[in-house]
Amino acid sequence: MAGHEKQTLGFQAEVSQLLQLMIHSLYSNKEIFLRELISNASDAADKLRFEALDNPALLESDPDLQIKVTFDKEARTITVSDNGIGMSRDEAISHLGTIAKSGTKEFFGKLSGDQQKDAALIGQFGVGFYSGFIVADKISVETRRAGDSAAVRWESAGAGDFSIEDIDKASRGTDITLHLREGEDEFLSAWKLKSIIRTYSDHISLPILMHKEEWDEDKKEQVIKDEFETVNQASALWARNKNDITEQQYDEFYKHVSHDFQAPLIHTHNRVEGRSEYTQLLYIPSRAPFDLWDRNKRGGIKLYVKRVFIMDDAEQLMPVYLRFVKGVIDSADLPLNVSREILQESRDIKVIREGSTKRVLGMLEELANADEAEKKEKYQLFWKEFGQVLKEGVGEDAVNKDRIAKLIRFASTHNDSDSQTVSLADYVARAKEGQNRIYYVTAESFAAAKNSPHLEIFRKKGVEVLLLTDRIDEWMLSFLSDFEGKELTSVAKGNLDLGALEDEAEKQQHEQTQTDYVELVGKMKTALADKAKDVRVTFRLTDSPACLVADEHELSGNLARMLKAAGQAAPDAKPILEINPDHPLVQRLKYETAKFDDWAHILFDQAMLAEGGNLTDPSAYVKRMNEMLLNMAA
Ligand code: ADP
């Protein structure tokens, strides 16, 4: 005996919170505890099999990995046992007393206290081992790590602390015993437990064993025999024939690999032969995980080699912009002793990643281009959850850029709604005759984009403009200069070029106006020398007197503000002030002398405010405005 005294330790605060919340919010789904415990047992077997590749002695004389589910009616307990990797004392303390996921604190900070909403969130977080407390008021875990002789018993009533003590345990692995709460006796039935296992855990590739039962004529009841029988199919789901797998089995397998609670949106299952031979079973979740924005988070793909589990989260198998994809890839070519380092160099892995990326894009295209309403809706759902991540692909995946560009959806002046439903192909199909550009505006919010003065001429001419308000948009656009031969053009950058959208008469009239305003423009340049890089007449405005534009090759005002907000250095480029010759304020300015400078500054500052910018000297603006108002009142 290693001689540790029995110790009582506190749970990490988040564990206590998770337990509280879970017991109440998942009660209507309580039978899932068995799925979660079996899922962990299966993972433990996978880990042992993997470690045993290097160290076969770990398997001792017991190489047949399996899971046993037993129950005791008298004691009112259910026990899930595995002969997998087991846990050392330290592992039991940290794995069963803390939550190791990154972002846990933030996640719990987001919970609202509204049980229904929080229940949905908790499923997304993954409940795992702790779900046993939904039906148990005490859980006892006896575990011995493979290769160790020491074993421990971990015990808790789920109320804030647990105890840990040294014990003797004859074999490696973990026995988890649930002491059922009052009223949960329905689970003390072989029939019930078997039906739960067949529903939720049939896909587990290890045998799940339960005692056989036999009808006893004398006692007139089922009696439990010493022999065991296998309850599930016990073959790797992805290796089975597609036609033999039900949707529910696919869904349950997804929940096992992803630790998600909800069914996935869609899956793709293929055996690939040729240069490289592998099977892929890939899923797109129906909801973004809480840590979607953590780009350092490893991917969600489990790598197997010839059915042997090799590693979780093999990030080399999927590009970062598809980090939301979950599933399994089973290679027939890789050596069993691959490490993360080898994966980075491997040709086979590169081929698998390319093939899997294409599969995922294909799966998305199938939804995006479908005629069926159900698939279309699924695509919108996907876009809402993961669209911003997919956009990263435009910059990161040069090979598939065109395919990704077609999958992107935008808000647009076409329907003036902030839901992103318009594709570049939709836009091009609606383009005016002679329109050789795709116009867009970027802004910090949908309202600012929709009401941008830069859109005025486009609205007047009935030309559609894409409304871009996601943080990533400007970055993405720097990689997307054209689509189907049409240049993507910011309506707020450079000289407005309406090309063939302007007729000859308009062009001539514009030239005349330019000449008429040469003098005013010159005076304004002088007055605004500190603020504006240039002043010029524009025909893009109909209602507003003036607007700001960025020079062709400079950062847009929106991007500069975003960079600064993120604490990054952004060059202080001065914008160009464009004035609307049809606006009465601008027309009056031609004849203004005394207050000319003030008016010029007011026009500039208003244009800055209209695009959501900040004034460098707000009090000077207020003073000038008030003076003008007083003059009017006088
Ligand atoms: P998750 O499985 O999502 O990591 P859990 O709360 O279900 O979270 O389990 C926490 C950890 O406890 C697991 O990651 C694993 O390391 C360990 N664990 C749970 N069950 C077992 C088991 N049967 N055998 C070995 N380790 C286990």
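General remarks:
- Verdict on A560 being among the small types (G, A, S), without any contact (Cβ under 8 Å) to a residue 12 or more places away in the chain and under 28 Å from I472 (Cβ atoms): no
- In the set (1) part of a loop (DSSP other than H, G, I, E, B); (2) of a type in the set (G, A, S); (3) surrounded by 21 or more Cβ atoms within 10 Å (Cβ to Cβ), the condition left unmet by A411 is number (1).
- Whichever residue in the range 349-374 is touching a Leu at 6+ places or on another chain (Cβ under 6 Å) and not β-branched (V, I, T) and, among such residues, is nearest to P319 (Cα to Cα): R353
- Looking across the range 16-70 at every residue that is touching a His at 6+ places or on another chain (Cβ under 8 Å) and assigned to a helix (DSSP H, G or I), the one that is surrounded by the fewest Cβ atoms within 10 Å (Cβ to Cβ) is identified as R35.
- Of the residues making up the range 497-518, those that are open to solvent by 50 Å² or more (accessible area, probe 1.4 Å) and in contact (Cβ under 8 Å) with a residue 40 or more places away in the chain number 3.
- Residue match in the range 34-52 (condition: over 17 Å from F133 (Cβ atoms), of a type in the set (F, W, Y) and in the same structural domain as H203 (by TED's automatic domain parsing)): yes
- Criterion applied to L53, L59 was being more than 27 Å from the chain's Cα centre (by Cα) and under 29 Å from H211 (Cα atoms), and the one residue passing it is L59.
- Scanning the range 93-118 for residues that are open to solvent by less than 60 Å² (accessible area, probe 1.4 Å), of a type outside the set (V, I, T) and near the ligand (Cβ under 8 Å from one of its atoms) yields a single hit, L96.
- Positions within the range 159-195 being closer than 20 Å to I38 by Cβ and of a type in the set (G, A, S), in sequence order: S171, G173, S189, A190, S195
- Across the range 72-92, the qualifying residues are those that are assigned to a loop (DSSP other than H, G, I, E, B) and among the aliphatic types (A, V, I, L, M), and the one among them that is least open to solvent (accessible area, probe 1.4 Å) is I85.
- Summed over the range 419-446, the residues that are farther than 10 Å from E464 by Cα and without any contact (Cβ under 8 Å) to a residue 40 or more places away in the chain give a count of 5.
- Only listed residue being in contact with a Lys or Arg (Cβ under 7 Å, 6 or more places away or on another chain), among the aliphatic types (A, V, I, L, M) and surrounded by 15 or more Cβ atoms within 10 Å (Cβ to Cβ), chosen from L390, L381, L361: L361
- Pairs are defined by a Cβ separation below 6 Å, a sequence spacing of at least 6 or placement on different chains, a first member in the range 35-50 that is basic (K, R), and a second member that is more than 7 Å from the ligand (Cβ to nearest atom); the pairs so defined are R35/Y200; R35/S201; R49/V308.
- Contacts under 7 angstrom Cβ, first residue in the range 74-92 being of a type in the set (A, V, I, L, M, F, W, C) and within 6 Å of the ligand (Cβ to nearest atom), partner part of a loop (DSSP other than H, G, I, E, B) and open to solvent by 20 Å² or more (accessible area, probe 1.4 Å), 6 or more apart: I85/R145; M87/R145
- I164 passes every criterion in (1) touching a helix residue (DSSP H, G or I) at 6+ places or on another chain (Cβ under 8 Å); (2) away from the ligand (no atom under 13 Å from the Cβ); (3) part of a helix (DSSP H, G or I) apart from (3).
- Number of the condition not met by D605 [criteria: (1) among the charged types (D, E, K, R); (2) in a helix (DSSP H, G or I); (3) closer than 24 Å to T513 by Cβ; (4) free of Cβ contacts under 8 Å to residues at least 24 places away in the same chain]: (3)
The values are calculated or read from the model by the stated rules, or taken from the named source; none is laboratory data. Here the structure is a predicted model, which is why all the values come from computation and not from measurement. Cβ sites come from the backbone with ideal geometry, for glycine too, and all protein chains shown count toward neighbours. In case anyone asks, the SASA skips ligands and DNA or RNA and just uses the protein heavy atoms, side chains included. Shrake-Rupley method; radii C 1.70, N 1.55, O 1.52, S 1.80 Å.
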